[in-house]
Amino acid sequence: MDSGDRRLHRVIYTSRLHGEALAAEEATVASIMDSARRNNPRRGVTGVLVHGKGCFAQVLEGRPLVVRGLLTVIQRDPRHTAMRIVKVDVVEDRIFPAWSMALLRDLDEVPAEFADGNASLLMLMRMRTLLHTGELGA
């Protein structure tokens, strides 16, 4: 990859917890978050994980090759099943630049610190729709 390439990919995907991971849901989510918060800063990946009732909707932002590699790791992770890439965008700016990985469990009330701009709030509301209906809101 050209070191001058400034393109970013923003990928939205959904998945479900599988098997033993579902039985130990809280521990599984904590493990996923620990790994993301430890590894994402050095990879230059930011985003948010929305979790509820054994399902995930996640936004990943970063360099194209890095994000594709991370998606491959997630697809191979036996804790996940039914992974579906919902949207891939090439973008110039991140929506979640300060979050190595934020975790939201219930988006009925978005905490003020998560709504640091119109774009991030809009994306969070779209993620809530995706988690509840399977469709990314307009």
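List of remarks:
- Other-chain or far-sequence residues with amide H under 5 Å of L103's (modelled H): L49
- Between R37 and R84, the modelled labels are 3.0 nm apart [label points 7 Å from Cα along Cα→Cβ].
- Couplings 3J(HN,Hα) for segment 50-57, derived from phi with the Karplus relation 6.51 cos²θ - 1.76 cosθ + 1.60 (θ = phi - 60°), are 9, 10, x, 6, x, 10, 10, 10 Hz, where x marks Gly and Pro.
- All other residues whose Cβ lies under 12 angstrom from that of R79 are scored, Lys and Arg at +1 and Asp and Glu at -1, for a net of -1.
- Each residue of segment 62-77 was assigned a 3J(HN,Hα) from its phi angle through the Karplus curve 6.51 cos²θ - 1.76 cosθ + 1.60 (θ = phi - 60°); the sequence is x, 4, x, 5, 5, 5, 4, x, 5, 4, 4, 4, 5, 4, 8, 5 Hz, with glycine and proline shown as x.
- For F96, residues with placed amide H under 5 Å, excluding near neighbours: none
- Label-point separation, R6 to R76 (7 Å along Cα→Cβ), nm: 3.3
FYI, it's all coordinate maths here, none of it is from the lab. The shown structure was predicted, so the numbers you read here are calculated from the model rather than taken from an experiment. Note: ideal-geometry Cβ built from the backbone for every residue, glycine included; neighbour counts use all protein chains shown.
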